[in-house]
């Protein structure tokens, strides 16, 4: 799963139909991208309700600005750009009204794989890494999520977050440095894992 | 910026060398949201929102119409005010033509065509003043004659 950006062949067929008001075509487009967008928003916000709201608002905006889409370019970065902006707004509001971001990260401990202490260990590890990721600044966190979760290229990330590629490289570099330091210093990490971060 | 670049690991343009930490971060992020899907009703909500503007177009149209109507009403009121003012001025005998004299501060102000008439009246005024001057002079001469020993005083 290197790239989230898919070929625009199907999109090229869907977009003209959507422009003519074909909601079935828009539903097809929604079905194609809803998972990616929802998971990106969820990774950034760590809030299912927020991720759903962002997904909803994102696709309403996609529909209302469908005329602005350049069909010669991949659609995924454009949609993610909207989603990331909406996520930023959500995080900014939340930061303003709820200064403590440390809410329960219960979605990691879901009952997807109900098994013994191995699961607990894995969840603990995920929890620590998630905490490290979310301790990054918003700008670094978004770049890290888009790079590792979605597999976007640096150019695509630069387009999504609307900044030069050099800035993306810098954010990714320092984000990784911060993650490395936090994970190395975290005493809760299993010894085997900690050993792997010299 | 060059300082930062110097510190970066040597990488290709679009890739970073992947180590254990990258693997862990990638795995954590993907596993944490793996299988996460938006609720099925999300599409219905989106669809409802997309269809909503059609229903809202009526009030918007009504608003635009009311804005246009307000302009028409304003123009009508302005027109009525102008007509009433014009009617009142006509009733009071105001003469709009520029060929005649018009009144400023209660005195007649000359217009180019009426200048000659005013000049003639001015001439009369000058003549009458001249006549008064001559008359007063005669009276003065007469007074001199009446004064006894006037010649003595003059000497």
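Scanning the range A:107-138 for residues that are assigned to a helix (DSSP H, G or I) and either modelled with pLDDT of 90 or more or surrounded by 14 or more Cβ atoms within 10 Å (Cβ to Cβ) (or both) yields a count of 15. Does residue A:179 satisfy being at pLDDT 90 or above and under 14 Å from the mean Cα position of the chain (by Cα)? For residue A:179, the condition - at pLDDT 90 or above and under 14 Å from the mean Cα position of the chain (by Cα) - is not met. Among residues of the range A:148-163 being at the interface with chain B (Cβ under 8 Å from one of its Cβ atoms) and part of a helix (DSSP H, G or I), the one that is surrounded by the fewest Cβ atoms within 10 Å (Cβ to Cβ) is A:155. Give the residues of the range A:65-106 that are part of a loop (DSSP other than H, G, I, E, B) and modelled with pLDDT of 90 or more, sorted by residue number. If the condition is that a residue be part of a loop (DSSP other than H, G, I, E, B) and modelled with pLDDT of 90 or more, then A:65 is the only one that fits.
Tell me, please, whether a residue that is within 10 Å of chain B (Cβ to nearest Cβ), at pLDDT below 95 and either surrounded by fewer than 17 Cβ atoms within 10 Å (Cβ to Cβ) or touching a strand residue (DSSP E or B) at 6+ places or on another chain (Cβ under 8 Å) (or both) can be found in the range A:12-21.
Taking the range A:12-21 as the starting set, the residues that turn out to be within 10 Å of chain B (Cβ to nearest Cβ) are A:21.
Still in the list and also at pLDDT below 95: A:21.
Keeping just the survivors that are either surrounded by fewer than 17 Cβ atoms within 10 Å (Cβ to Cβ) or touching a strand residue (DSSP E or B) at 6+ places or on another chain (Cβ under 8 Å) (or both) gives A:21.
Checked the range A:12-21: at least one residue is within 10 Å of chain B (Cβ to nearest Cβ), at pLDDT below 95 and either surrounded by fewer than 17 Cβ atoms within 10 Å (Cβ to Cβ) or touching a strand residue (DSSP E or B) at 6+ places or on another chain (Cβ under 8 Å) (or both).
Selection of the range A:53-86 for residues being within 13 Å of another protein chain (Cβ to nearest Cβ) and closer than 19 Å to residue A:137 by Cα yields only A:83.
Name the residue that is farthest from residue A:135 (Cα to Cα), counting only residues in the range A:42-51 that are at the interface with chain B (Cβ under 9 Å from one of its Cβ atoms) and crowded, with 19+ Cβ neighbours inside 10 Å.
At the first step, the residues of the range A:42-51 found to be at the interface with chain B (Cβ under 9 Å from one of its Cβ atoms) are A:42-43, A:46, A:48, A:51.
From what's left, crowded, with 19+ Cβ neighbours inside 10 Å: A:42-43, A:46, A:51.
Values: A:42: 16, A:43: 13, A:46: 13, A:51: 19 Å.
Residue satisfying both the conditions and the ranking: A:51.
The requirement of being farther than 24 Å from residue B:25 by Cβ and not in a helix (DSSP H, G or I) is fulfilled nowhere in the range A:41-64; no residue meets it.
Here is a yes/no grid of residues against (1) at pLDDT below 60; (2) surrounded by 12 or more Cβ atoms within 10 Å (Cβ to Cβ); (3) within 12 Å of another protein chain (Cβ to nearest Cβ):
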{"position": "B:7", "(1), (2), (3)": "yes, no, yes"}
{"position": "B:19", "(1), (2), (3)": "no, yes, yes"}
{"position": "B:38", "(1), (2), (3)": "no, yes, yes"}
{"position": "B:43", "(1), (2), (3)": "no, yes, yes"}
{"position": "B:47", "(1), (2), (3)": "no, yes, yes"}
{"position": "B:50", "(1), (2), (3)": "no, yes, yes"}
{"position": "B:61", "(1), (2), (3)": "yes, no, no"}
{"position": "B:65", "(1), (2), (3)": "no, no, no"}
{"position": "B:69", "(1), (2), (3)": "no, no, no"}
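The values are calculated or read from the model by the stated rules, or taken from the named source; none is laboratory data. In this text, all values refer to a predicted model and were calculated from it rather than measured experimentally. Neighbour counts run over all protein chains shown; Cβ positions are idealised from the backbone, glycine included.
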